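A short worksheet on the structure shown next.
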Amino acid sequence: MSEIRFPYPGVPTLEIPDRNLMGVFSPPLLDTGLSEEDVLASALAAPVAAPSLAKALEGKRSVLIVSDDHHRPTPVRSMLPPVLSAIAAAGIPESAVEIIMALGSHRLMTRQEMREKLGGAIVDRFRVTNHEWTNPENLYFAGRVPPGIDVWVNRKMREFDFIVGLGQIMPMDVCGFTGGSNIIIPGLCGPKTSADFHWVRVGLAAGDVIGKRDNPIRTAIDNSAMAAGLDAILNVVLDGEGRICGAVYGHPVEAHRRGIARALEAHTVTLPAKADIVVADGFPFDIEFWQVNKALDNASLAVRDGGAVIIVSPCTEGLSVTHGEVIRRVGYRPKREILDLVEQGAFTHRVAAVHMIQVAEATFEKNVECILVTDGIPAAELRDVHLSHAPDPQTALATAFRRAGPDAHVAVLRRASETLPLIQER
C-alpha cells in the first residue's frame, strides 16, 4: 500500500494499493548551480532580440511595471530588485515608476496581498495599483488585430515611456503557455478583448494547445500585446519546488519563445499510458475552482475516456469570485449546450463560457467524472453545478474505483496545475 500526502494542512493521506498505482508524477527539481539572484542577473545580461534594460531605459522618463497577480506563484518580489535598480541607475525617479497588478478578470487584490506578492518595502515606496478591468473609463482602444480582435487595454499603457511585464512561463490550456504577452492580454485588457481572444480557443482541442507555443490563441495574444505597446518581459521558470530555475529577458515574443524550452524541462512528466483514475492536487493554484481548473485541464490529458479525475484543493474562495454567479446559474454541462446558451445571451462575459467549455472537454466530452475534494465549496453547490464531491481523498478514490473497476490503474499528479503529462509512445 502506498501513502500519498497532500500539500494542505488537515487533508488526510490517501492509501492506494500498490497493484493499482501506475506512479506518482511530479515536476522535476532542476539544479542550475546558481542562486536565484544570479539566474535573474544572467537573463538581464543576455537580452533576447532586444537592447539591454539599461540601454532601453536611456532617455525614458517613466516606467510601468506590470506584475501578474495573486493567482500566480511568480516570485515577483525577487524579480523586482534588479529591475528597480536598473530604473534608478537610469536616473528615473521613483515617483515616475508605477507597478500595476495584471488581474485579467480576477478580483481586486488587497493591499496586504500586494505586500505579500511584491514585498512590503516596495509597496511602501512605489505606487501600486490594480487593473480595474470592469471600468471602461480605465481602458483605451489600441487598434484591431487579426483575427478581428479589438484591443482595449488599460489606459496607463499609453501614459508611460517604457512598459515591462513580469511573469512566469508554464504550460496551460487556454493559450499553450503562460507568460510573455499574457501579462497584457488578458492581464491588462478589457472584458471584450478578453472574451474575443478566449473565444478563439473554443474551436481547438486541448491537446493542440496545452504545451504548444505556436497556436492561434497565442498569435492573437502576441499581436494584441504588441499593438498595445508592451516593450519587454522578464519571465521566470519555476521547478518542482517553486524555485527559479530559468529566466529570460527581452522582446515579448522572442524571449518568451526562448524560455519555453526550459519550461518544458521543468513541467513535463511522462506516463507509460493513460490512467483509469488520475489523482491531482492543484497546488499552488488553489484560490478558487476557476484557478484549480488548470489541474483538471492537465489531468484530462492523462486519463482515459470513461475514467475519473480526483482534484484535491482547498478552493478557499469557492467556485469563482468574479464569475461564480453565472457558473451557479448555468452549471457545468456539455459543450454543445454551453454554445447554445452563448447564442441565447446567457453569458455577460464569454470568458466564463470558455472556462465552462474547458471543464466540459475534460469531463462530459470524455465521459470522465470529476470528483472534487474541497472544504471551500459546499457539496450541495457542487452537485448543483454537476460536479461530484467527496469529503476526503480516500472516499473519492472509492467512488472512482466503483466507476473504473477494482483493477483500475491510478496515476498521481503532484502540482497538477503546472504539470504537463505526456503519454509514452509504444
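Brief remarks on what is shown
- One residue stands out in segment 186-219 among those that are open to solvent by less than 10 Å² (accessible area, probe 1.4 Å) and of a type in the set (D, E, K, R): the one that is modelled with the highest pLDDT, namely Arg218.
- Condition met for Ala255 (out of contact with any Ser or Thr (no Cβ under 7 Å at 6 or more places or on another chain) and buried (at least 21 other Cβ atoms within 10 Å of the Cβ)): yes
- Leading residue by the ranking (farthest from Asp281 (Cα to Cα)) among those in segment 364-398 that are of a type in the set (A, V, I, L, M) and surrounded by fewer than 17 Cβ atoms within 10 Å (Cβ to Cβ): Ala380
- Within segment 374-388, being without any contact (Cβ under 8 Å) to a residue 40 or more places away in the chain and more than 24 Å from the chain's Cα centre (by Cα) holds for Pro378, Ala379, Ala380, Arg383.
- Residues of segment 189-210 satisfying the condition of being hydrophobic (A, V, I, L, M, F, W, C) and either within 15 Å of the chain's Cα centre (by Cα) or outside any loop (DSSP other than H, G, I, E, B) (or both): Cys189, Ala195, Phe197, Trp199, Val200, Val202, Ala206, Val209, Ile210
- Residue identified as in contact (Cβ under 8 Å) with a residue 24 or more places away in the chain and of a type in the set (Lys, Arg) among Arg127, Arg144: Arg127
- Residue under evaluation Ile87, criteria (1) within 18 Å of Gly246 (Cα to Cα); (2) among the aliphatic types (A, V, I, L, M); (3) assigned to a helix (DSSP H, G or I), criterion not met: (1)
- Inspection of segment 300-307 finds a residue satisfying the criterion of being open to solvent by less than 10 Å² (accessible area, probe 1.4 Å) and part of a strand (DSSP E or B).
- Residue that is surrounded by the fewest Cβ atoms within 10 Å (Cβ to Cβ) [pool: residues in segment 266-290 that are more than 23 Å from Glu113 (Cβ to Cβ) and either of a type in the set (Val, Ile, Thr) or at pLDDT below 95 (or both)]: Thr270
- Scanning segment 37-58 for residues that are in contact (Cβ under 8 Å) with a residue 60 or more places away in the chain and of a type outside the set (Ser, Thr, Tyr) gives Val39, Leu40, Ala43, Leu44, Ala46, Pro47, Val48, Ala49, Ala50, Leu53, Ala56, Leu57.
- With respect to the conditions (1) assigned to a strand (DSSP E or B); (2) surrounded by 17 or more Cβ atoms within 10 Å (Cβ to Cβ), Leu40 falls short on a single one, namely (1).
- Annotation: of all residues in segment 399-415 being part of a loop (DSSP other than H, G, I, E, B) and within 27 Å of the chain's Cα centre (by Cα), the one that is surrounded by the fewest Cβ atoms within 10 Å (Cβ to Cβ) is Arg414.
- Looking across segment 249-299, the residues that are in a helix (DSSP H, G or I) and under 30 Å from Ala398 (Cα atoms) come down to His267, Phe289, Trp290, Gln291, Val292, Asn293, Lys294, Ala295, Leu296, Asp297, Asn298, Ala299.
- Output for segment 105-144, where each listed residue is within 23 Å of His355 (Cβ to Cβ) and either of a type in the set (A, V, I, L, M, F, W, C) or open to solvent by 90 Å² or more (accessible area, probe 1.4 Å) (or both): Leu108, Met109, Trp133, Thr134, Pro136, Leu139
- Residue match in segment 220-234 (condition: more than 26 Å from Val351 (Cα to Cα) and either open to solvent by less than 30 Å² (accessible area, probe 1.4 Å) or without any contact (Cβ under 8 Å) to a residue 12 or more places away in the chain (or both)): yes
- In the set (1) closer than 24 Å to Arg258 by Cβ; (2) open to solvent by 40 Å² or more (accessible area, probe 1.4 Å), the condition left unmet by Leu57 is number (2).
- Subset of segment 308-341 that is more than 27 Å from Met109 (Cβ to Cβ) and of a type in the set (Lys, Arg) - its residue that is surrounded by the fewest Cβ atoms within 10 Å (Cβ to Cβ): Arg336
- Restricting attention to segment 342-363 and to residues that are of a type in the set (A, V, I, L, M) and over 12 Å from Ile327 (Cα atoms), the residue that is most open to solvent (accessible area, probe 1.4 Å) turns out to be Val342.
- Failed item in (1) open to solvent by less than 10 Å² (accessible area, probe 1.4 Å); (2) in contact with a Cys (Cβ under 8 Å, 6 or more places away or on another chain), with Arg262 passing the rest: (1)
The values are calculated or read from the model by the stated rules, or taken from the named source; none is laboratory data. The structure displayed is predicted, hence computed values, not measured ones. FYI the Cβ positions are ideal-geometry reconstructions off the backbone, even for glycines, and counts take in every protein chain you see. Only protein heavy atoms, including side chains, enter the accessible area calculation; ligands, DNA and RNA are left aside. Shrake-Rupley method; radii C 1.70, N 1.55, O 1.52, S 1.80 Å.
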